[in-house]
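For reference, the structure is listed below as structure tokens.
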Amino acid sequence: MPDPAPPDQAAADSRPPRTRSREVRRSQLIEATIETMAARGFARTTLTEVARMAGLSHGLVLFHFETKEKLLAETLAYLAEEYRRNWQDALAAAGDDPAAQLAALIEADFAPGICTPARLAAWCAFWGEAQSRPMYQESYGDKDEEYIRALEAICARLNEAGGYGHDVPRIARILRLTIEGAWLDLMTMARPYTVSEARDTARAAAGLCFPRHFPAGRRSG
């Protein structure tokens, strides 16, 4: 007998074909929006350019999203939820050891499905455009705080376990800004280093903060 479909796939297959088709089209248009933002920037992303990138009609974009503002808001929500699921799944798989949890968070931020040129460019566009900041805060602000609280909790456990005596919020901020800075380097440098080097840079920062838990010289594969 064939293996049963995974629960998520089984649930998707149980939906009416028209519903599945609608969801596929919306995802296709959101992915096209991410690619368009990477190529053209926030201000120059238009419904026409998104339709062209997706290979679909302008009318279909209007049918699903009505306005550019709604399309961009849903694209940000899509990216935010994708990012949240990614780090939470990594954390859940890491077990109870705080060093393993911090390593998992670092790995998650440089995972192949998350750390792509198009996604990094889209995030930078949402961060950098003044007109997008209220949208960012509304859609992602709570998720940002959730990540920060999780990172601080892990750092607090490592701080206690190793007797480091750190100011935990500042150490967590150093680690978070190192990761975000590596993301920016990958986007803005004329000759950026590799994603593996970006990940190892974040691990090096963890080693400076928690040297007994992240020995110097250990590099990712």
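The values are calculated or read from the model by the stated rules, or taken from the named source; none is laboratory data. Just so we're clear, the structure is a prediction, and the values are computed from it rather than from any experiment. Cβ: placed from backbone, ideal geometry, glycine included. Neighbour counts: every protein chain shown. Protein only, heavy atoms only, side chains kept; ligands, DNA and RNA dropped before computing areas. Shrake-Rupley method; radii C 1.70, N 1.55, O 1.52, S 1.80 Å.
Only one entry in R26, R52, R18 is more than 30 Å from F214 (Cα to Cα) and modelled with pLDDT under 90, namely R18.
Please go through region 64-85 and pick out each residue that is hydroxyl-bearing (S, T, Y) and open to solvent by less than 40 Å² (accessible area, probe 1.4 Å). Matches in region 64-85: T75, Y83.
Evaluating A130 against the criteria (1) among the aliphatic types (A, V, I, L, M); (2) at pLDDT 95 or above; (3) loosely packed, with under 14 Cβ neighbours inside 10 Å leaves one unmet condition, (2).
Checking the conditions here, which among A190, A172, A182 is aliphatic (A, V, I, L, M) and touching an Asp or Glu at 6+ places or on another chain (Cβ under 7 Å)?
Numbers: A190 fails: touching an Asp or Glu at 6+ places or on another chain (Cβ under 7 Å); A182 fails: touching an Asp or Glu at 6+ places or on another chain (Cβ under 7 Å).
None of the others qualify; the one that does is A172.
When R212 is tested against (1) open to solvent by 50 Å² or more (accessible area, probe 1.4 Å); (2) under 18 Å from D109 (Cα atoms); (3) outside any helix (DSSP H, G or I), exactly one condition is not met: (2). Output the residues belonging to region 73-110 that are out of contact with any helix residue (DSSP H, G or I) (no Cβ under 7 Å at 6 or more places or on another chain), within 21 Å of P211 (Cα to Cα) and part of a helix (DSSP H, G or I). Across region 73-110, the qualifying residues are A100, A103.
Can you work out which of the residues in region 197-209 that are out of contact with any Lys or Arg (no Cβ under 6 Å at 6 or more places or on another chain) and without any contact (Cβ under 8 Å) to a residue 40 or more places away in the chain is surrounded by the fewest Cβ atoms within 10 Å (Cβ to Cβ)? Break it down stepwise before answering.
The first filter runs over region 197-209 and keeps only residues out of contact with any Lys or Arg (no Cβ under 6 Å at 6 or more places or on another chain), leaving 197-199, 201-209.
Add one more test, that the residue is without any contact (Cβ under 8 Å) to a residue 40 or more places away in the chain, and what stays is 197, 201, 204-205, 207-208.
Numbers: E197: 15, T201: 17, A204: 16, A205: 21, G207: 17, L208: 13.
For region 197-209, the residue satisfying everything is L208.
On the stretch given as region 166-195, residues that are of a type in the set (G, A, S), open to solvent by 50 Å² or more (accessible area, probe 1.4 Å) and part of a helix (DSSP H, G or I) total 0. Looking at region 166-181, is at least one residue among the acidic types (D, E), closer than 18 Å to R199 by Cα and out of contact with any Phe, Trp or Tyr (no Cβ under 8 Å at 6 or more places or on another chain)? The answer is yes, given that some residue of region 166-181 is among the acidic types (D, E), closer than 18 Å to R199 by Cα and out of contact with any Phe, Trp or Tyr (no Cβ under 8 Å at 6 or more places or on another chain). In region 86-105, of all residues being within 13 Å of A150 (Cα to Cα) and polar (S, T, N, Q), the one that is least open to solvent (accessible area, probe 1.4 Å) corresponds to Q101. Quick check: anything in region 49-64 aromatic (F, W, Y) and in contact (Cβ under 8 Å) with a residue 24 or more places away in the chain? So far as region 49-64 goes, no, none of its residues is aromatic (F, W, Y) and in contact (Cβ under 8 Å) with a residue 24 or more places away in the chain.
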